[in-house]
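Have a look at the structure below, then the notes.
Just so it is clear, none of the values below were taken in a lab; they were calculated from the coordinates. Keep in mind that what you see is a predicted model, and the values were worked out from it rather than measured. When we count neighbours, we look across all protein chains shown, and the Cβ atoms used for this are built from the backbone with ideal geometry, even at glycine.
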Amino acid sequence: MGHCSASAFIQLVSLIILSGILSLETIKLGFCNDDNSVGCTDIERKALLMLKQGLTDPSDRLSSWVGEDCCKWSGVGCNNITGRVNMLDLRNRYSDGLNGYRSIEHAFGGEINPSLLVLKDLVYLDLSMNYFGGVQLPSFIGSLEKLKYLNLSGASFGGIIPHNIGNLSRLLYLDLGNNYGHPIETDLQWLATLSSLKYLNLEGVNLAKTTSYWLPTVNMLPSLVELHLPSCGLSILPFTLPSINFTSLLAT
């Protein structure tokens, strides 16, 4: 438990997450051009435009979000056969999470529109390293039940992590860490249902209320490979330790 090296992180994402997600889904990235593929559905295109309307975009990163085929838009991935959107990668790439650098000038802000719920085949969602100014992490994200990859790290959400995140039982990767000084907390009651989880980062999330039970809760995740809980207020271990079953954790 702790910080991993950049190479370990990259290895985890490429070997575990991408192989576990992308090999199960036929994904067509928005910047790829395949004239033989099916274009996106009208209802999903409109949902993405509603999402765009709610976001502030100071550097016009979504300038490609025009035209009828949203599968060709930057950061959007679709299934080649059905045309359904299954990937949304809106990470602020003008940032370096390992070194704590983030360019606000290129960060999305504003509101994450619930129109995301229209994207019923979404398996990959990355909004990391943007700037949402301490607003509550949207509870409706817990209704995107096909998600396998969710990265909201460094996006400056605050408040309480909603319990319905526990509905995302297919998640392999969850990163809610490092919100750059915006207070965020949780009681971890939602965590035990994420039985497929391989990667968990809650860096900087206040876990002070969970001091007596966080370890047995995390211990219930049978597939966990990598765990990050720095700066979470867990300086004191439980008085009674459970039988630890962290045999799947990688040493970092």
Ranked on Cβ counts within 10 Å of their own Cβ, fewest leading, S231, S128 go S231, S128
Fewest to most Cβ atoms within 10 Å: W73, W214 sort as W214, W73
Most exposed to least, judged by fewest other Cβ atoms within 10 Å, M87, M220, M129 sort to M220, M87, M129
Treating only Lys and Arg (+1) and Asp and Glu (-1) as charged, each at its beta carbon, one finds that the range 65-171 has a dipole about its Cα centre, in Debye to the nearest 20, of 260 debye
Residues other than L171 with Cβ under 12 Å of its Cβ, Lys/Arg counted +1 and Asp/Glu -1, net out at +2
So for the range 65-188, using the alpha carbon gyration tensor with a ≥ b ≥ c as root eigenvalues (a/c under 1.5 gives rounded; past that, a/b versus b/c decides prolate or oblate), I'd call it oblate
Any lysines whose Cα falls less than 21 Å from that of K146, other than same-chain ones fewer than 8 residues away, would be K28, K46, K120, K198
